[in-house]
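Here the structure is laid out as structure tokens; the discussion comes afterwards.
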Amino acid sequence: MITTITATAFPVMPSQPLPDDLGEVPIGRPLAHARTVLRACDVSLTPMGGTGMLWIGGPAVTGGYLGDLAEAQAFQPDPWLPGGRIYRTGDQARWRADGQLEFLGRRDRQIKLRGQRIDLHQVERQVASLPGVRAAH
């Protein structure tokens, strides 16, 4: 079973075109069931306009991925909610002046395809192990 939890949303209305000065379409604001924070490398909270790692907290955050102990460090105790959990997404983001989150990229080499996490290093190792393949990058 695969479950995807949506934590942020940016409303796009067909009857209202996006403003020309919007720039990149943001990933939005946190939904009611989620809390999002941006943390700098030193784990401090990132101020408005600053960039950092996107973390998601709230009741939908679990203790980890089933059967994947290697990724357990992405799930940590929530320092702002006693007994809660917080998840390091691997996404770099920025708080825009309008309060929306803007996606800036990934800090790791993972992608999601149809809700499934794929580590590109693992794909490269598998391709490199095939007969006749010298290297896979």
Give me the residue from segment 55-78 that is β-branched (V, I, T) and at pLDDT below 80 and, out of that set, farthest from A32 (Cα to Cα).
T62
R107 vs. criteria open to solvent by 60 Å² or more (accessible area, probe 1.4 Å) and touching an Asp or Glu at 6+ places or on another chain (Cβ under 9 Å)
yes
Selection within segment 96-118 - part of a loop (DSSP other than H, G, I, E, B) and under 12 Å from L38 (Cβ atoms):
R96
Looking only at segment 13-36, which residues are among the β-branched types (V, I, T) and modelled with pLDDT of 80 or more?
I27, T36
Being open to solvent by 50 Å² or more (accessible area, probe 1.4 Å), at pLDDT 85 or above and part of a loop (DSSP other than H, G, I, E, B) is the filter here, so list the residues in segment 80-95 that pass it.
P82, G83
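The values are calculated or read from the model by the stated rules, or taken from the named source; none is laboratory data. Worth saying up front: this structure is predicted, and the values here are computed from it rather than measured. Positions of Cβ are backbone-derived with ideal geometry, glycine not excepted, and every protein chain shown enters the neighbour counts. These accessible areas exclude ligands, DNA and RNA; they are computed on the full protein's heavy atoms, side chains included. Shrake-Rupley method; radii C 1.70, N 1.55, O 1.52, S 1.80 Å.
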